[in-house]
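The values are calculated or read from the model by the stated rules, or taken from the named source; none is laboratory data. Note that this is a predicted model, so its numbers are computed, not measured. For neighbour counting, all protein chains shown are included, and Cβ atoms are generated from backbone atoms with ideal geometry for every residue, glycine included.
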Amino acid sequence: MRFIVDAQLPRRLAALLRAEGHDALHTLDLPGANRTSDAEIVRLASDEDRVVITKDADFIDSHLLRGKPPNLLLISTGNISNRELEALIVPLLPTIVSEFDAHGLIELSRSALIVHG
């Protein structure tokens, strides 16, 4: 699966996804780095069939109102260490990937993986 990790999440999340066999970019990998606009992230995600991984609620509004980005993984854990985030994501990654076959919005909280619509 192809991912783009938004600025407020650690770059090492993209590296972890690559280590798990996925194509993953972080906004720091883009020409605008962490100043890349939400619109540019959405365009890239749509053009390259990438799942946006974010904590930013603005992406939820865009996804629900306009269907852009088409696939969104919302991290709703609040403040969490990088290590804790990785420990949450790694065991759930196969489920996350398979759920995106039929669903466009998935939320990861500290206690659950929530598949929306």
(message) Filter the range 34-48 down to the residues that are crowded, with 17+ Cβ neighbours inside 10 Å and without any contact (Cβ under 8 Å) to a residue 24 or more places away in the chain and list them by number.
(response) none
(request) Scan the range 49-60 for residues that are buried (at least 22 other Cβ atoms within 10 Å of the Cβ) and of a type in the set (Gly, Ala, Ser) and jot them down. (result) none
(request) Report the residue count in the range 16-45 for those that are in contact with a Lys or Arg (Cβ under 9 Å, 6 or more places away or on another chain) and acidic (Asp, Glu). (result) 2
(message) Just to verify a result, which residue in the range 2-22, among those that are under 20 Å from SER62 (Cβ atoms) and in contact with a helix residue (DSSP H, G or I) (Cβ under 7 Å, 6 or more places away or on another chain), is surrounded by the fewest Cβ atoms within 10 Å (Cβ to Cβ)?
(response) ARG2
(message) Out of everything in the range 61-107 that is charged (D, E, K, R) and without any contact (Cβ under 8 Å) to a residue 40 or more places away in the chain, what residue ends up being surrounded by the most Cβ atoms within 10 Å (Cβ to Cβ)?
(response) GLU99
(request) Could you name every one of the helices (runs of 4 or more DSSP H) located completely within the range 1-105 that has at least 3 residues being over 23 Å from VAL115 (Cβ atoms) and modelled with pLDDT of 95 or more? (result) 11-19, 38-48
(message) Among the residues in the range 23-33, are any among the hydrophobic types (A, V, I, L, M, F, W, C), surrounded by fewer than 17 Cβ atoms within 10 Å (Cβ to Cβ), farther than 23 Å from THR77 by Cβ and in contact with a helix residue (DSSP H, G or I) (Cβ under 9 Å, 6 or more places away or on another chain)?
(response) yes
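Scan THR95, THR27 and give me the residue that is among the β-branched types (Val, Ile, Thr) and touching an Asp or Glu at 6+ places or on another chain (Cβ under 9 Å). It would help to see each step written out before you state the result.
Details: THR95 fails: touching an Asp or Glu at 6+ places or on another chain (Cβ under 9 Å).
None of the other options fit; the residue is THR27.
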